[in-house]
Amino acid sequence: MQNREDIFNTLRDALVELFELDPASISLDSNLYQDLEIDSIDAVDLIDHIKRKTGKKIAAEDFKAVRTVNDVVEAVYRLVAPAA
């Protein structure tokens, strides 16, 4: 998971696996809470899944500002991308 496209694909697969969502309903613009109906408990599960996939922990505070799938992709990208 080095680029945004890989992160999006992995995230989409996780959303399908964890929450039984239709892959076609997941886009970068999808709102996690309104469009995908992810609640706060689901968000914790998603954070845990990301941690297992990346080996890095996302701080819950960092996840509070996340609203869309793209926000998650960007948060994970910042986590795994080598510092420039």
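The values are calculated or read from the model by the stated rules, or taken from the named source; none is laboratory data. Keep in mind it's a predicted model, so treat the numbers as computed, not measured. Quick reminder, even Gly has a Cβ in these numbers, built from the backbone with ideal geometry, and neighbours come from all protein chains shown.
Things to note:
- Checked against the criterion of being of a type outside the set (Ser, Thr, Tyr), surrounded by 11 or more Cβ atoms within 10 Å (Cβ to Cβ), touching a strand residue (DSSP E or B) at 6+ places or on another chain (Cβ under 9 Å) and at pLDDT 90 or above, the candidates Asp42, Asp35 yield just one match: Asp35.
- Here the range 45-80 is the region considered, the condition is being over 15 Å from Leu15 (Cβ atoms) and acidic (Asp, Glu), and the residue that is surrounded by the fewest Cβ atoms within 10 Å (Cβ to Cβ) is Glu61.
- Top-ranked residue in the range 22-32 [being surrounded by fewer than 17 Cβ atoms within 10 Å (Cβ to Cβ) and of a type in the set (A, V, I, L, M, F, W, C); ranked as farthest from Asp71 (Cα to Cα)]: Ala24
- Verdict on Ala43 being at negative phi and free of Cβ contacts under 8 Å to residues at least 60 places away in the same chain: yes
- Failed item, numbered, when Leu21 is tested on (1) assigned to a helix (DSSP H, G or I); (2) modelled with pLDDT of 95 or more: (1)
- Test: residue in the range 66-77 that is over 11 Å from the mean Cα position of the chain (by Cα) and not β-branched (Val, Ile, Thr): no
- Subset tally (residues that are among the aliphatic types (A, V, I, L, M) and either touching an Asp or Glu at 6+ places or on another chain (Cβ under 8 Å) or exposed (fewer than 14 other Cβ atoms within 10 Å of the Cβ) (or both)) for the range 11-21: 2
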